[in-house]
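Contents: one structure, followed by commentary.
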Amino acid sequence: MTKPNSSLKPGLLEAFAVLAGISIGAGLWFEHAAHQGAGSPASAAAATTAVQAIASNGSAQMPATPVADAAHAPLLAAARAGKRVVAAGEHGVILLSDDEGKTFRQAGAVPTQALLTSLYFIDDRQGWAAGHDGVVLHTQDGGEIWTLQHEDLSSDKPLFSIYFKDAQHGLAVGLFGTALQTADGGASWTPLAVESGEENDHHLYAIFGDPATALCIAGEAGLIYRSTDGGATWSTIKTANPGSFWSGALLKDGSLLAAGQRGHLFASHDQGASWTELSSGTDQSLTSIVQDADGAILITGLAGVTLASSDGGKTFVAQSRADRVPLNAALSRPGQAALLFGDKGIVDLP
């Protein structure tokens with residue numbers, strides 16, 4: 001985990017404080033969960049598998065182990081693999097649900113215990129996960145079994161977002177301007193220049209948009225990076241946001257939303273070329289944006305905040321949960337309330 005220091009720009013300390021809080025809480029959760037599961041046949045088998053995996057592939061990663069109460073592990077990312085719900089978070093925990101979130105089980109094999117921050121699926125079978133230690137994982141069976149495609153222990157540059165245009169072409173971005181690209185389904189990754197000039201190390205938090213028109217990256221210091229050639233080249237757009245963007249989304253009408261620190265919420269109606277601030281009704285930082293099949297939009301945030309829009313993102317109504325649990329991700333469900341994921345795992349799960 002990167003530690004804050006005096007050289008960081010104003011506003012970044014909040015992002016690091018959030019990540020540090022997640023890690024501290026997750027460490028306490030994992031210690032308890034591992035203790036509860038210690039001595040079981042599953043944990044003994046996992047330990048053997050871990051040793052065999054390291055011996056066979058030479059990776060520095062330790063495979064994730066089965067833990068008690070995995071559904072309440074700190075979770076940072078969620079995605080759909082077809083109808084399946086997939087969520088990921090601390091210590092390499094990846095959860096799967098085939099009943100719209102009523103029950104969850106831990107994935108069968110995950111080759112890392114690093115904090116996982118992002119998930120992306122192109123269909124019901126094939127997907128990728130990214131996170132700390134520069135790890136990129138790949139699955140070809142809807143999240144049951146994962147393989148390690150990339151790791152980087154040479155520097156402290158975690159990946160925050162991963163995105164694939166198709167089965168071959170993908171992008172991953174993260175701390176201090178880290179950006180990688182692949183043209184072979186993740187088998188190999190090469191550096192990608194997103195920023196130019198002397199200041200080319202701004203943190204990159206989320207990839208979103210449409211590769212056919214414009215891809216965008218939500219960045220530090222109110223910056224949005226935009227590509228109109230599928231991610232080959234990028235331009236930098238300085239918005240009026242005084243803080244960092246943590247998330248972004250392409251809406252069904254083709255417009256874009258970007259949200260982040262201190263409740264700042266911006267919209268673009270020209271494929272990301274220009275951005276206008278919207279009233280969010282909160283000063284809590286915003287972490288994810290989802291839109292359901294009917295067009296309703298839900299935005300999650302820290303301190304249990306959610307923003308809801310029923311008019312395509314023109315206006316939002318803010319609410320705050322009584323438990324103030326930090327919310328990191330959400331997934332819409334047909335005819336039901338959205339699934340929420342946060343520092344205490346699957347929120348509202350019995």
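The values are calculated or read from the model by the stated rules, or taken from the named source; none is laboratory data. Predicted model, so just to flag it, every value in this text is computed and none were measured. Using ideal geometry, Cβ is built from the backbone for each residue, glycine included, and neighbour counts are taken over all protein chains shown. SASA here: full protein model, heavy atoms, side chains in, ligands and nucleic acids out. Shrake-Rupley method; radii C 1.70, N 1.55, O 1.52, S 1.80 Å.
Among the residues making up segment 235-250, those that are more than 14 Å from Thr276 (Cα to Cα) and of a type in the set (A, V, I, L, M, F, W, C) are Trp246, Ala249, Leu250.
So that you can scan it fast, the table gives a plain yes or no per residue for (1) open to solvent by 40 Å² or more (accessible area, probe 1.4 Å); (2) touching a strand residue (DSSP E or B) at 6+ places or on another chain (Cβ under 8 Å); (3) of a type outside the set (Phe, Trp, Tyr):
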| position | (1), (2), (3) |
| --- | --- |
| Glu100 | yes, yes, yes |
| Ala107 | no, yes, yes |
| Gln113 | yes, no, yes |
| Asp124 | yes, yes, yes |
| Ala130 | no, yes, yes |
| Leu148 | yes, yes, yes |
| Ser154 | yes, no, yes |
| Ala172 | no, yes, yes |
| Gly177 | no, yes, yes |
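Closer than 18 Å to Leu204 by Cα and among the charged types (D, E, K, R): does that describe Lys238? When the stated conditions are applied, Lys238 passes them. Scanning segment 67-98 for residues that are among the charged types (D, E, K, R) and in contact with a strand residue (DSSP E or B) (Cβ under 7 Å, 6 or more places away or on another chain), which turns out most open to solvent (accessible area, probe 1.4 Å)? In this case the residue turns out to be Asp98. Being touching a strand residue (DSSP E or B) at 6+ places or on another chain (Cβ under 6 Å), buried (at least 19 other Cβ atoms within 10 Å of the Cβ), of a type outside the set (A, V, I, L, M) and over 18 Å from Ala330 (Cα atoms): is that true of Phe160 here? In short, no.
Number of residues in segment 297-350 that are more than 21 Å from the chain's Cα centre (by Cα) and under 22 Å from His269 (Cα atoms): the value is 9. Could you tell me which residue of segment 234-287 is farthest from Cys216 (Cα to Cα), considering only residues that are in contact (Cβ under 8 Å) with a residue 60 or more places away in the chain and of a type in the set (S, T, N, Q)? Across segment 234-287, the extreme among qualifying residues is Ser285.
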